Amino acid sequence: MIQVHQVSFSYNELSVLEQVSFRVERGEFVFLVGPSGAGKTTLLRLLYADLIPIAGDLSVTGQKLAKLDKMSLPYFRQKIGLVFQDFKFLPDKSVRENLALPQKLASTAPKFVKESVDRFLHQMGLSHHQHALPTEISSNERRRLAIARAVINNPVLLLADAPTEGLDLRLSLEVMALLDALNFQGMTVFVTTTDRQLAEKCNKRIIELRDGGIHFFSNR
Ligand code: ADP
């Protein structure tokens, strides 16, 4: 599902990743752990072709990213669900409208949009907030909205950037249980966190990113 081979990346003079290599198989749930500033977000941005590596090759959902052109980028991104660290909601649109947006962009028929939006609102416990703005719900509810929006188009791969940052253990485990349920349905899940203990509690494979490289693989 993900193949990263000898990938290096720098922002101008600042080298962030040096010859990073790892694989994630279809159906896996993998944590990418590392301290703040280690390059986790950078690596995710490389995976969804938001950044281009200075060296090395990436292949994601069977697509070699070096061969991706502008025309095929939207099609490639449709297969990936993204949970951004800062959520990136449309601030003046309701919870319901934010959730419906990916389906509208994918030209899904209105009847099906309504059905799946209702289903996800219900599943995520957000039905009673559907007409609220994203700023009017709790931070935990915003996270659930971000996850729902990422998966509403049924992607094969979910990339979640620090989805539990700032949450206490109980709420973090709730978010992880949601991701686990999606993984159980067959979605490959790749999650970043600074919280190694949380990753260890979840009993999944862990990849550690530190000092520009992959340092440690734990096998469950
Ligand atoms: P993490 O997600 O692990 O906290 P990041 O990938 O966000 O790490 O950042 C890795 C390093 O790259 C940090 O030193 C950060 O300051 C730097 N960085 C991140 N984004 C940019 C950018 N757009 N321009 C310049 N430097 C950046």
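FYI, it's all coordinate maths here, none of it is from the lab. All of these numbers come straight from a predicted model, not from anything done at the bench. Note that each Cβ is placed from the backbone with ideal geometry, even for glycine, and that neighbours are counted across all protein chains shown.
Rounded to the nearest Hz, the phi-derived 3J(HN,Hα) couplings of region 103-113 under the Karplus curve 6.51 cos²θ - 1.76 cosθ + 1.60 (θ = phi - 60°) are 6, 5, 5, 8, 6, 6, 4, x, 4, 6, 4, where x marks glycine and proline.
Given axes a ≥ b ≥ c from the Cα gyration tensor, I'd like to know whether region 57-98 is rounded (a/c under 1.5), prolate (a/b larger than b/c) or oblate. Note, shape of region 57-98 comes out prolate. Restriction of the trypsin sites (Lys or Arg not before Pro) in region 52-103 to DSSP coil positions whose beta-carbon has at most 14 other beta-carbons within 10 angstrom yields Lys70, Lys88, Lys93. Neighbour counting of Cβ atoms within 10 Å sorts the residues Tyr48, Tyr11, fewest neighbours leading, into Tyr11, Tyr48. Using the Cβ-Cβ distance between Gln130 and Asp211 with R0 set to 45 Å, the FRET efficiency works out to roughly 0.50.
Close amide H contacts of Glu28 (hydrogens built in the peptide plane, cut-off under 5 Å, sequence separation of 5 or more or a different chain): Val189. When the Cα gyration tensor is reduced to axis lengths a ≥ b ≥ c, the ratio a/c is 1.5 or higher for region 110-198, and with a/b not above b/c it is classed as oblate. Cβ-to-Cβ counts within 10 Å put Asp161, Asp168 in ascending order as Asp168, Asp161, the fewest first.
Based on Cα contacts under 8 Å between residues 6+ apart, the chain shows a relative contact order of 31 percent. Sort out for me the Cα centre separation of region 46-72 from region 80-150, rounded to whole Å. Computed from Cα coordinates, the inter-centre distance equals 27 Å.
Judged by the ratio a/c of the largest to the smallest principal axis of the C-alpha gyration tensor, region 16-161 counts as prolate, that ratio being 1.5 or greater while a/b is larger than b/c. Computed from Cα atoms, the angle from the helix 139-151 axis to the main principal axis of the chain rounds to 80 degrees.
Its relative contact order, with pairs defined as Cα atoms under 8 Å and 6+ residues apart, puts region 161-220 at 28 percent.
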